[in-house]
C-alpha cells in the first residue's frame, strides 16, 4: 500500500520507484563493461602463456601477436563506423 502511494507521488514528479530486481539488474548491467574487459584480458594472457598467438586490432590494422611480443601485420582494416544512437545501418 505504501509502495503504491509513493509510486503515485513519484509519478506525479516524473520519477519512478524501481523494484529490488530492477535495481539489481541495473547494477549488474553497469558492471558489465569492466567485467567483460577483465575477462578478455585474462583470456588473452592465458592464450599467450600457452604459447599460442592472438589477433588484435589497433590503429587500422589487424596484428598477430606472439608470446615473445612480436607483432606481425595481418591486414589493414577500415576505420570503425561511428553510429549515432537509433540510426539504422545496412551491413553488406
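Here are a few things to note about the model shown:
- Gained length - residue 44 relative to residue 31, 0.36 nm times residue gap less alpha-carbon distance: 2.7 nm
- A simple spin-label model places the labels of residue 24 and residue 73 5.1 nm from each other, with each point 7 Å out along Cα-to-Cβ.
- Kirkwood-based shape ratio for the range 20-76, expressed as Rg/Rh from alpha carbons: 1.21
- The relative contact order of the range 20-76 comes to 19 percent, based on Cα pairs under 8 Å that sit 6 or more residues apart.
- The distance between label points at residue 58 and residue 91 comes to 2.5 nm (points 7 Å beyond Cα on the Cα→Cβ vector).
Here, each number is a calculation from the coordinates, and none is a lab measurement. These numbers were taken from a predicted model, which means no experiment stands behind them. Ideal geometry is used to build each Cβ from the backbone, glycine not excepted, and the neighbour counts take in all protein chains shown.
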